[in-house]
Amino acid sequence: MPKDTDFELPRDHTDERELLVDWLDFLRGAVLRSISGVSDEDAHRRHEGKLLPLAGIVNHLVGVERRWIDGGMLGGPIVRREEEFFPGPELSVADVTRAYRERAEKTNRVVRELPLDAPNSRREGATLRWTLLHLINETARHAGHADATRELIDGATGE
């Protein structure tokens, strides 16, 4: 996974799997850059009760990857709770960032072990390839969401 400060676009290459992983890593970095340097209090704040808090966005993305990879690709349980969007103050920026990095490492490891056409048990007709594209889409949407939330907190903007 790239460093939070690495915002160079992924390079094109012929290895489809690695290209998809590179794009997912790039977007994960954008999410992490949005929460980087934010206080625990600000990471849990909602501007005028709108948008999700930054800690909730990152926590949700941990759950998204867990459900689609551990659940859909490995056959594990698929549990989604609304609380993941609004974690309590006991979940610090350091904790949620660490959890997201660890989840990314596990996701990338599984992605490199399975064939791209491996079936996803969560969605009929879906494969690992489709799942990766779904994770890229979900992460991109929330990276923009995190960028907007961060801008409301302190004016900082992403790439």
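Read-outs: derived from the displayed coordinates by stated rules, not from any lab. Since the structure is predicted, the reported quantities are computational estimates derived from the model, not experimental observations. A quick note on method: Cβ atoms are made from the backbone with ideal geometry, for glycine too, and the neighbour counts reach across all protein chains shown.
Screening 70, 40 for residues that are within 27 Å of residue 127 (Cβ to Cβ), surrounded by fewer than 22 Cβ atoms within 10 Å (Cβ to Cβ) and either touching a strand residue (DSSP E or B) at 6+ places or on another chain (Cβ under 7 Å) or not aliphatic (A, V, I, L, M) (or both) leaves exactly one candidate, 70.
Among the residues of the range 94-117, those that are crowded, with 17+ Cβ neighbours inside 10 Å and small (Gly, Ala, Ser) comprise 99, 104.
For (1) β-branched (Val, Ile, Thr); (2) within 24 Å of residue 94 (Cβ to Cβ); (3) more than 11 Å from the chain's Cα centre (by Cα); (4) not in a helix (DSSP H, G or I), each residue gets a yes or a no:
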position	(1), (2), (3), (4)
45	no, yes, yes, yes
52	no, yes, yes, yes
55	no, yes, yes, no
59	no, yes, no, no
63	no, yes, no, no
66	no, yes, no, no
69	yes, yes, yes, no
72	no, no, yes, no
79	yes, no, yes, yes
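I need the full set of residues from the range 97-132 which are of a type in the set (Val, Ile, Thr) and part of a helix (DSSP H, G or I), in order please. Listed by number, the residues that qualify are 97, 107, 110, 111, 131.
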